[in-house]
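Report on the following structure.
The values are calculated or read from the model by the stated rules, or taken from the named source; none is laboratory data. From a predicted model like this one, the values you see are computed outputs, not experimental measurements. So basically every Cβ, Gly included, is an ideal-geometry build from the backbone, and we count neighbours across all protein chains shown.
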Amino acid sequence: MVRLGVSLALLAGVLAVASGGAAGSSGAHLVRLTTSPALYPAYSPAVHDYVVRCNPGSDVSVTTWAAAGTLTTIDGARASSVAVALKPGQGVTVRTAGGGKSAEYHVRCLPADFPAFTVSGASGSGWTIVTPSLSNSGGPSSHYVAILDGNGVPVWWYRDSGIPFDARLFDGSAIAWADYDGANPAYQVRSLEGQLLARITSPDGQIDDHELQLTGAGDEVFLVYQPKEHVDLAALGGPADATVLEGRIEERSPAGKLLWSWSTDGHVGVEESARWAGPILDTPVKSAAGDAYDLYHANSVALQGNLVVLSLRYDDAVYGIDKRTGAILWKLGGTATPQSLTLTGDPLGAQPFSGQHDARIQPDGTITVFDDETQTPSPPRAVHYAIDASAQTARYLGGVADPEVGTSSCCGSARLLADGDWLVSWGADPVVGTYAPDGTPLQRIAFPGLYSYRAVPVAAGRLTEPGLRDAMDAMAPR
């Protein structure tokens, strides 16, 4: 319901001059836009999407001030001030026209339980998908997947009944995520309008919640925790007859047919996890075969042609695998093996990683990694390497750190953007940040008490503001 207030007098043109004239190159002369409760971010002519944290049972008041000769409508009604009864997800549209220019501004109601967040700076890097759902303070988890614009504004979100984890755009404009600690592990795929399109599971095991990729042919690639019994863990100081969880990569067709698989079993030795022996042995996990030890903790997969890059957290290493033969071509970091690369230039030395995540292959064949530096004095960092598999060498190309982020106990992501900037989720830390190539912070988004397992950029052109707004309107119609 909209209640039109008494129309405020339009301000004189002098105010438009004082405010810098027209509202951007495509805007009309809207001088000011305010709401009660408060608008986020504060009005700027160049910003067209806003949120307001609504109070149940209370209207949202919207007030505009415009230059003389500017027509202003709010939800299609000519007015400069209205009070609107909004439910979570619903929005108000302000349109202005005058002097041959027009503009739209969209204000949407955030749910009361949407995570608190703060933003400093602007990324200019387009859309970012986050799941600020995991607690780093012992408090409650959250339930939201969100798409943020370059100003850090949530333009789209979905509330899951579980704890969403590892979200990404998938197969066109659908969005997929895992349910953390779900009773029936799966990645769910939903349209932006919230419709459940598919549940992705493993044909022969328990799908892991750390990775899901889509190949160019439309096949699905993911991780599976595969129990293996009667494994001797004496090299780690553990039992001689144990059940462990091998890291298994599977590729399946959309119809569910298993096309290819690879396992750490027979390829990665128990002794490669020696530095993490304490956490492995102290925290057995449940599996189909009973209590088991998470020996390798696979946490990311990337593919380019016949190269498969796998990150194993408890080996402090990233592996390059030949998809055709299953052979390990090279190993970056961790304990030395015959496949280990000789690394040059890294300020942390020849074995640089500690609990790393999110190893990615760049279009030019270089590799980026989020290095948590868990259990070391060094802060987490995003790093970039050139790999020469034939020479068995790796060269450090650079990276970034954030002076406001001192530690990362787990998780995280590092994405090198097309313009050379970095998008980083700093692991078990509230900050998602965008950084210039030299490490200068461009934007920090913080979710106090929570963190996002990854922050995933969306390629240019794959999402549009009108499309996201329409999807939100479909989920929360007025």
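Given the criteria outside any strand (DSSP E or B) and in contact with a strand residue (DSSP E or B) (Cβ under 7 Å, 6 or more places away or on another chain), does Tyr319 qualify?
Taking the combined requirement at face value, the residue does not satisfy it.
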Selected residue (criterion: farthest from Thr407 (Cα to Cα)) from residues of segment 367-397 that are out of contact with any Ser or Thr (no Cβ under 6 Å at 6 or more places or on another chain) and among the acidic types (Asp, Glu)
Asp388
Tally, over segment 54-82, of residues that are in contact with a Leu (Cβ under 6 Å, 6 or more places away or on another chain), within 20 Å of Pro115 (Cα to Cα) and surrounded by fewer than 16 Cβ atoms within 10 Å (Cβ to Cβ)
0
Select from segment 116-129 the residues that are assigned to a strand (DSSP E or B) and over 13 Å from Arg444 (Cβ atoms) and list them in ascending order.
Ile129
Do you know which of the residues in segment 313-350 that are in contact with a Ser or Thr (Cβ under 7 Å, 6 or more places away or on another chain) and within 23 Å of Val224 (Cβ to Cβ) is surrounded by the most Cβ atoms within 10 Å (Cβ to Cβ)?
Asp315
Being under 19 Å from Leu329 (Cα atoms), in contact (Cβ under 8 Å) with a residue 12 or more places away in the chain, assigned to a loop (DSSP other than H, G, I, E, B) and not hydrophobic (A, V, I, L, M, F, W, C) is the filter here, so list the residues in segment 253-269 that pass it.
Thr264, Asp265, His267, Gly269
With the condition kept exactly as written, say whether any residue in segment 332-342 is more than 20 Å from Arg454 (Cα to Cα), among the polar types (S, T, N, Q) and not in a loop (DSSP other than H, G, I, E, B).
yes
Restricting to segment 388-422, and then to whatever is hydrophobic (A, V, I, L, M, F, W, C), over 20 Å from the mean Cα position of the chain (by Cα) and surrounded by fewer than 23 Cβ atoms within 10 Å (Cβ to Cβ), can you tell me which residue is farthest from Asn299 (Cα to Cα)?
Ala391
Selection over segment 260-309 where residues are over 18 Å from Gln206 (Cβ atoms) and not polar (S, T, N, Q) yields a count of 23
Taking only pairs six or more apart or across chains, which ones have beta-carbon atoms under 8 Å, a first residue in segment 334-346 that is assigned by TED's automatic domain parsing to the domain that holds Gly320 and closer than 12 Å to Glu272 by Cβ, and a second residue that is charged (D, E, K, R) and assigned to a strand (DSSP E or B)?
Thr337/Lys331; Gln339/Lys331; Ser340/Lys331
Lone qualifier among Glu272, Glu250 - being of a type outside the set (A, V, I, L, M, F, W, C), modelled with pLDDT of 95 or more and in a strand (DSSP E or B)
Glu250
When you scan segment 290-306, do you find a residue that is modelled with pLDDT of 95 or more, over 29 Å from the mean Cα position of the chain (by Cα) and among the charged types (D, E, K, R), even just one?
no
Suppose we filter Pro203, Pro239, Pro164, Pro185 for residues that are under 30 Å from Ser273 (Cβ atoms) and without any contact (Cβ under 8 Å) to a residue 12 or more places away in the chain; which single one remains?
Pro239
Residue list for segment 103-124, restricted to those being over 21 Å from Pro88 (Cβ atoms) and out of contact with any Gly (no Cβ under 6 Å at 6 or more places or on another chain)
Glu104, Ser120, Gly121
Going through segment 163-177 one residue at a time, which ones are in contact with a Ser or Thr (Cβ under 9 Å, 6 or more places away or on another chain) and either of a type in the set (Val, Ile, Thr) or modelled with pLDDT under 95 (or both)?
Ile163, Phe165, Ser173, Ile175
Does segment 182-203 contain at least one residue that is of a type in the set (Asp, Glu), part of a loop (DSSP other than H, G, I, E, B), surrounded by fewer than 19 Cβ atoms within 10 Å (Cβ to Cβ) and modelled with pLDDT under 95?
no
Of all residues in segment 451-478, count the ones that are part of a loop (DSSP other than H, G, I, E, B) and surrounded by 15 or more Cβ atoms within 10 Å (Cβ to Cβ).
3
From the options Ala459, Ala436, Ala455, residue that is within 17 Å of Gly412 (Cα to Cα) and either in contact (Cβ under 8 Å) with a residue 24 or more places away in the chain or not β-branched (Val, Ile, Thr) (or both)
Ala455
Since Lys286 meets every condition but one in (1) assigned to a strand (DSSP E or B); (2) modelled with pLDDT of 95 or more, which condition does it not meet?
(2)
Please specify each residue of segment 218-234 satisfying the condition of being in a loop (DSSP other than H, G, I, E, B) and under 22 Å from Ala359 (Cα atoms).
Gly218, Asp219
Here are the criteria: (1) touching a Phe, Trp or Tyr at 6+ places or on another chain (Cβ under 9 Å); (2) in a strand (DSSP E or B); (3) buried (at least 20 other Cβ atoms within 10 Å of the Cβ). Tell me which single one Gly89 does not satisfy.
(2)
Tally of residues being part of a loop (DSSP other than H, G, I, E, B) and modelled with pLDDT of 50 or more across segment 1-57:
19
Is it the case that segment 141-163 has a residue that's in a strand (DSSP E or B), surrounded by fewer than 18 Cβ atoms within 10 Å (Cβ to Cβ) and either in the same structural domain as Thr34 (by TED's automatic domain parsing) or charged (D, E, K, R) (or both)?
yes
